[in-house]
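Asks: Below you'll find the structure I mean.
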Amino acid sequence: MEPTAAAVPDRASREPEPGLRTLRHSRRDLRIELLRVNRWRLLVRSRIEVAVAAATLPEPLGQDPLPYLGVDVQNVLPMQTDLETALRSGLPIGELDRLDLLRDLDRRLGTYQECVATALERATEEFIARLSLHPADALDLPELQSARVTA
């Protein structure tokens, strides 16, 4: 009995390497997610910085070195009250009470970031391993097909 075409799949009728496209898409999605989590961590950390900085303002400017700087410098020196008002306006009174929440969010985001980075690394290693076993399969990826057509 002769084998039928359905029983013996030929190279042209199957996907280049099962999962190769899926790996490419998962890598892309994981890179995008890593960018998102980096952005969220930046925002949370910035909020922590602002809360701490507004609560612990530095000493007033211009008290000690004014005799050495000259009279003209006094005209450009902002008033201490203006600086304090600008930095503290818009901040809720309980901003420092939220530091524990913000730090917890940063820790959790950091853990999530590590998970995403690890998943991206695994997907990349799997992608490279599959390509190293079957390098010709890379030629069947859509991006490379369009590059071959335009070349």
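The values are calculated or read from the model by the stated rules, or taken from the named source; none is laboratory data. As the structure is a prediction and not an experimental result, all values here were calculated from the model. Please note: Cβ atoms are built from the backbone with ideal geometry, for glycine as well, and neighbour counts cover all protein chains shown.
Asks: Got at least one residue in segment 81-88 being surrounded by 12 or more Cβ atoms within 10 Å (Cβ to Cβ), of a type in the set (A, V, I, L, M, F, W, C) and either at positive phi or at pLDDT 75 or above (or both)?
Replies: Yes, segment 81-88 contains at least one residue that is surrounded by 12 or more Cβ atoms within 10 Å (Cβ to Cβ), of a type in the set (A, V, I, L, M, F, W, C) and either at positive phi or at pLDDT 75 or above (or both).
Asks: Going by the conditions given, is Glu143 at pLDDT below 75, of a type outside the set (Lys, Arg) and loosely packed, with under 12 Cβ neighbours inside 10 Å?
Replies: yes
Asks: Only residues that are hydroxyl-bearing (Ser, Thr, Tyr) and in contact with a Gly (Cβ under 9 Å, 6 or more places away or on another chain): list them for segment 83-139, please.
Replies: Answer for segment 83-139, where residues must be hydroxyl-bearing (Ser, Thr, Tyr) and in contact with a Gly (Cβ under 9 Å, 6 or more places away or on another chain): there is none.
Asks: If you don't mind, there's one more thing I want to ask. Report the residue count in segment 57-74 for those that are loosely packed, with under 11 Cβ neighbours inside 10 Å, of a type outside the set (D, E, K, R) and modelled with pLDDT of 80 or more.
Replies: 1
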